[in-house]
Amino acid sequence: MLGSKAPRAFTLIELLVVIAIIALLIGILLPSLGSARREARAVKAAATLRNVNQGAASYTVESRKYPLAYTYASDDRGNWNFNDQRLGENGGTYGYIHWSWALFNSGNTPEAAFRSPAVQRGGAPATNPGPDPDNWEPGQENDNGNPAPAATPEDKQVKRVAFASNAAIIPRNKLVANNDNERKNRFVDPADISQTAGGDSRVIFATELRDGNDWRTVFSSREPTKSKSHRSISPFIGFTSGTDVYNQGNAPGGRSPFGYPDPDTRIWSLDDNRSGEFAIDNNQTDLNVVGRSHPGGDKKYGGTANFVFCDGHGERMTVRESIQKRLWGDRFYGLTGGNRVDMTNYVR
């Protein structure tokens with residue numbers, strides 16, 4: 001047609017400008033998308049953690065006590081003997097019975113119940129993972145010193161666990177003392193928690209585990225090839241015994257023998273230990289194993305974690321905030337003897 005013109009093509013300069021604009025937009029949007037994904041994972045993890053708390057609430061209605069974090073099994077059917085539960089022992093022939101197994105009809109626990117999308121492989125491995133090599137971490141050995149895929153012992157536990165309980169409420173299994181000076185664990189009555197100042201809405205029930213470096217966060221500094229994911233998190237330390245809470249004596253003059261760890265000196269910064277290796281078993285505080293993967297927090301100590309409280313509500317905060325607000329309780333409920341916690345002075 002007369003007078004018509006061919007459409008004008010982009011010049012090279014115009015094309016480069018368009019590409020630059022697209023690159024700029026991608027640079028702006030990608031961090032937002034990444035933050036949105038992190039937020040979505042945090043929300044999903046919080047919902048799963050609340051479901052765990054609901055399972056514990058149902059358990060306490062029937063039993064009138066919280067479970068132990070774990071026991072040493074006496075056979076492969078999930079039975080255990082009281083007198084076997086003492087310091088210095090391990091899962092032995094039959095492994096551990098974890099509280100995840102106890103909460104849901106003795107073994108009918110859905111595998112997803114203790115998993116989180118926010119951590120590596122959904123959670124930490126069991127101490128004795130069993131015959132499937134996918135349930136092990138690289139370099140891991142079971143309690144007998146055997147690597148994957150050793151079939152026995154196999155813990156009564158979900159294969160991956162992303163959460164850990166408050167050891168003041170769901171204590172370890174040391175029900176028998178080795179000597180007269182050693183403290184023992186005891187079962188905790190939910191009524192004890194409701195009598196706490198502020199009630200059970202001021203006592204953390206469970207939180208998220210910190211992951212990193214193939215889950216070396218839950219491995220022991222004394223046994224660096226072994227996972228300790230069956231343990232609960234001890235939030236308090238002794239004023240004279242430190243993290244060895246079983247050998248903390250009763251303080252004279254009615255003083256509290258236990259206290260919260262100083263968040264400025266006992267909580268690792270990222271510069272102190274970026275991967276969190278051996279966080280569940282160190283000489284500062286077990287609270288170093290609390291998660292730091294969610295939005296919030298700061299550059300020095302990392303992000304936040306989800307916490308669920310004994311009344312069922314959830315909050316997200318940093319582990320340091322949980323200490324500063326004294327949200328782990330005012331007694332070491334799961335230990336015998338004088339178990340009050342100093343709510344004013346930190347253990348430095």
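Quick note: the coordinates plus some simple rules give every number you see, no bench work behind them. Keep in mind that this is a model prediction, so the values were computed, not measured. Cβ placement follows ideal geometry from the backbone for every residue including glycine, while neighbour counts extend to all protein chains displayed.
From the Kirkwood radius over Cα pairs of the chain, Stokes-Einstein at 20 °C and 1.002 mPa s returns a whole-number translational diffusion coefficient of 100 µm²/s.
Non-local lysine pairs in region 15-347, meaning eight or more places apart or on different chains, with alpha-carbon distances under 15 Å, amount to 4. In this Cβ point-charge picture (+1 for Lys and Arg, -1 for Asp and Glu), region 15-347 has a dipole of about 700 debye about its Cα centre.
Among Phe332, Phe104, Phe82, a tally of other beta-carbon atoms within 10 Å of each Cβ gives an order, fewest to most, of Phe82, Phe104, Phe332. Each label point was placed 7 Å from the Cα along the Cα-to-Cβ direction; for Asn178 and Arg340 their separation is 3.0 nm. Label-to-label distance for Asp76 and Asp244 is 3.8 nm, based on points extended 7 Å past Cα in the beta-carbon direction. Taking the number of Cβ atoms within 10 Å of each Cβ as an exposure proxy, the fewest-first ranking of Val341, Val290 is Val341, Val290. Residues of region 236-277 falling in the label zone of Asn213, defined by backbone nitrogen less than 13 Å from a point 7 Å along Cα to beta-carbon, are 270-277. With helices as the sole contributors, the chain gives -6500 deg cm²/dmol at 222 nm; each DSSP H run of n ≥ 4 counts as -39500 (n - 2.57), and the sum is divided by every residue.
Of the residues Val43, Val18, Gly212, the one whose Cα sits farthest toward the positive end of the charge dipole of the chain, with +1 on the Cβ of Lys and Arg and -1 on the Cβ of Asp and Glu, is Val18.
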